[in-house]
1. Looking at T76 and the list (1) within 16 Å of V119 (Cα to Cα); (2) assigned to a helix (DSSP H, G or I), which single condition is not satisfied?
2. Please tell me if I95 is exposed (fewer than 12 other Cβ atoms within 10 Å of the Cβ) and modelled with pLDDT of 95 or more.
3. Would you confirm whether any residue within the stretch 1-19 is within 15 Å of the chain's Cα centre (by Cα) and β-branched (V, I, T)?
4. Being assigned to a helix (DSSP H, G or I), more than 16 Å from the ligand (Cβ to nearest atom) and surrounded by 17 or more Cβ atoms within 10 Å (Cβ to Cβ) is the requirement here; does I10 meet it?
5. Do we find a residue being farther than 18 Å from A35 by Cβ, more than 14 Å from the chain's Cα centre (by Cα) and at pLDDT 95 or above anywhere in the stretch 49-66?
6. Filter the stretch 23-49 down to the residues that are among the polar types (S, T, N, Q) and more than 13 Å from the ligand (Cβ to nearest atom), then identify the one that is surrounded by the most Cβ atoms within 10 Å (Cβ to Cβ).
7. Of the conditions (1) in contact with a His (Cβ under 7 Å, 6 or more places away or on another chain); (2) of a type outside the set (V, I, T); (3) within 15 Å of V104 (Cα to Cα), F65 clears all except one; give me its number.
8. Please go through the stretch 104-128 and give me each residue that is exposed (fewer than 13 other Cβ atoms within 10 Å of the Cβ) and touching a residue at least 60 places away in the same chain (Cβ under 8 Å), ordered by number.
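The values are calculated or read from the model by the stated rules, or taken from the named source; none is laboratory data. Quantities reported herein were computed from a predicted structural model and do not represent experimental measurements. Note: ideal-geometry Cβ built from the backbone for every residue, glycine included; neighbour counts use all protein chains shown.
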Amino acid sequence: MERRSSLSAISKGKCPRCRQGDMFTHNPFILKKIASMHESCTNCNLRYETEPGFYYGAMYVSYAFSVGILLANVITLYFLFNDPEIWVYITSVAISSTILYPLVFRYSRIIFLHIFGGVKYRADLRNSTTT
Ligand SMILES: [Zn+2]
């Protein structure tokens with residue numbers, strides 16, 4: 001049986017318990033459905049929203065992503081483009097943040113659930129399709 005690593009499950013947006021069921025219903029770039037998640041895992045039936053408002057905490061992960069995007073832009077522009085004018089920095093950060101927003105939103109929730117959801121991986125639940 002194939003064993004999926006935690007990193008692989010996070011990168012593919014899979015359930016933290018069985019690492020098989022999808023967390024989200026649609027592609028992240030379909031913006032109308034960006035937040036639509038399965039209520040529970042389609043494979044092991046784990047409820048994804050462990051308590052009301054659980055995903056408010058994902059804002060902290062999102063904040064970390066935003067700081068990373070900002071730093072990556074500043075470092076790249078400063079060293080590769082010889083410290084351009086300030087409007088170039090602002091425009092670059094605004095464009096890259098906008099383009100990456102769907103991924104930041106999704107991965108913030110995925111990482112938050114995997115790390116702070118208190119769910120342990122159970123290999124025996126793979127391919128279980130419980131009712
Ligand atoms: Zn699952």
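1. If we test T76 against (1) within 16 Å of V119 (Cα to Cα); (2) assigned to a helix (DSSP H, G or I), just (1) comes out false.
2. Spelling it out, I95 is indeed exposed (fewer than 12 other Cβ atoms within 10 Å of the Cβ) and modelled with pLDDT of 95 or more.
3. So far as the stretch 1-19 goes, yes, one or more of its residues are within 15 Å of the chain's Cα centre (by Cα) and β-branched (V, I, T).
4. no
5. For the stretch 49-66, residues farther than 18 Å from A35 by Cβ, more than 14 Å from the chain's Cα centre (by Cα) and at pLDDT 95 or above: absent.
6. Filtering first and then ranking leaves T25.
7. Only one criterion is unmet by F65, namely (1).
8. G118, K120, A123, N127
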